[in-house]
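Here is the structure we will look at, set down as structure tokens.
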Amino acid sequence: MIGALLRGIIKKKRLTYRKIASDLGMDHGNLYHSLANGANPKWKTIEKLLNYLGYDVRLMERKEVKPEKSKPSRSRRQKGDK
């Protein structure tokens, strides 16, 4: 989720991964993979990017907390069940 947001900001600012990586002293391949869908980037990488792009993180308490829905458990068939 955070990767998609950062990719959108990078695209909006018309920056390249190579330029950002060079300015931050990172490998552009690592930066690219950190922002890929399903990636789990390190917090340090996120902080560097946000600072470079001119953004801050602000945590806000939600007014309503929605509990996660649990998946129903599947029962196994016992011997003799049809």
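Helix-only estimate, please: 222 nm mean residue ellipticity of the chain, summing -39500 (n - 2.57) across DSSP H runs of length 4 or more and dividing by its residues, to the nearest 500.
Numbers: 4 runs with 37 residues, N = 82.
Computed mean residue ellipticity for the chain: -13000 deg cm²/dmol.
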Q. Carbon-plus-sulfur fraction of the accessible area of the chain, 1.4 Å probe, in percent?
A. 49
Q: Please build a GNM for the chain, connecting alpha carbons under 10 Å apart, and tell me which residue among Leu49, Leu59, Leu15 fluctuates the most.
A: Leu59
Q) Applying 1/(1 + (r/R0)^6) with R0 = 22 Å to the Cβ-Cβ distance of Asn37 and Lys11, what FRET efficiency is obtained, to the nearest 0.05? A) 0.90
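The values are calculated or read from the model by the stated rules, or taken from the named source; none is laboratory data. Please read these numbers as outputs of a predicted model, since none were measured by experiment. Positions of Cβ are backbone-derived with ideal geometry, glycine not excepted, and every protein chain shown enters the neighbour counts. Heavy atoms of the whole protein, side chains included, go into the accessibility calculation; ligands, DNA and RNA do not. Shrake-Rupley method; radii C 1.70, N 1.55, O 1.52, S 1.80 Å.
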